[in-house]
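J.: Have a look at the structure that comes next, please.
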Amino acid sequence: MAKSCRTTAYLNNVPVAQLDRAFAYEAKGRRFKPCLGRSNDMQTEKRFMGEALKEAEKAFDLDEVPVGAVIVFKKRIIGRAHNQIKTLKDPTAHAEMIALTQAAAYLKNERLKGCDMYVTIEPCPMCAGALVLARVRKIVYAAGDPKTGACGSVFNLASSGKLNHRITVKGGVMRSECGSLMKEFFRKKRLNKAKCLERSHSPA
């Protein structure tokens, strides 16, 4: 019975689990709308990274690791998301994975040829692998990840010659702004941990 948009999409051969993710990550009472971009230059890269940073700020407010991502196709944002790992109790709910699901649903295609991803932190191996499988054209990230980065920092899955698709990668766009948000998040975490330890050792 096609009682909802989700059921109809399933009947149109969109996998239910993936579609549920795309719907779950949209704010209640709102629906995703594409966003027009401008020319393909540094100004535009900053514009799209700014949109990714807005998503990262949403994650920060939810006490999630502040990572945000958008996917752009023909100068339009067709997917946008932020980390919701703790919120959804889902280890795969990284910003990049959610944005991929949204973009694939928008294009009605598992291949995102001609799409570019803008993300505030260098993608991890899981996300980089998914981006390769999706045939994304380009990854633009702000700050590198020296611990798990898979676009050159630790691994290079995105541009590996051993895989059947190689993604163009550019890092450093709005590095300071996005990196500062991440540093502030972990500064607050350390401060809260210190306060908890202090209270636990204080006399009753």
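Taken together, the values in this text are just the output of simple stated rules run on the coordinates, not laboratory data. Everything numeric in this text was worked out from a predicted model, so none of it was measured. All Cβ positions, glycine included, derive from the backbone under ideal geometry; neighbour counts span all protein chains shown.
J.: HN-Hα J couplings of segment 151-165 from phi, Karplus 6.51/-1.76/1.60, θ = phi - 60°, integer Hz, Gly and Pro as x?
T.: Working through the residues one at a time gives 10, x, 6, 10, 10, 9, 5, 4, 10, 5, x, 7, 9, 8, 8 Hz.
J.: Name the shape class, rounded, prolate or oblate, that the alpha-carbon gyration tensor gives for segment 157-197, where a ≥ b ≥ c are the square roots of its eigenvalues, rounded holds for a/c under 1.5, and otherwise prolate holds if a/b is larger than b/c and oblate otherwise. Provide the component values of the computation, followed by the final result.
T.: Numbers: a/c = 8.19, a/b = 2.43, b/c = 3.37.
Oblate is the answer for segment 157-197, as a/c is 1.5 or above yet b/c matches or exceeds a/b.
J.: Starting from the Cα of E177, step 7 Å along the direction of its Cβ; do the same at K89; then give the gap between the two resulting points in nm.
T.: With each label placed 7 Å out from Cα toward Cβ, I get 3.6 nm.
J.: Can you give me the long-range amide H partners of S159? Hydrogens built in the peptide plane at 1.01 Å from N, cutoff under 5 Å, separation of 5 or more residues or another chain.
T.: It is I167, by chain and number.
J.: Among the listed pairs K89/K147; K108/K138; K46/K113; K113/K183; K74/K147; K46/K193, which are separated by more than 27 Å between their Cα atoms?
T.: Check vs 27 Å cut-off fails for K113/K183; K74/K147; K46/K193.
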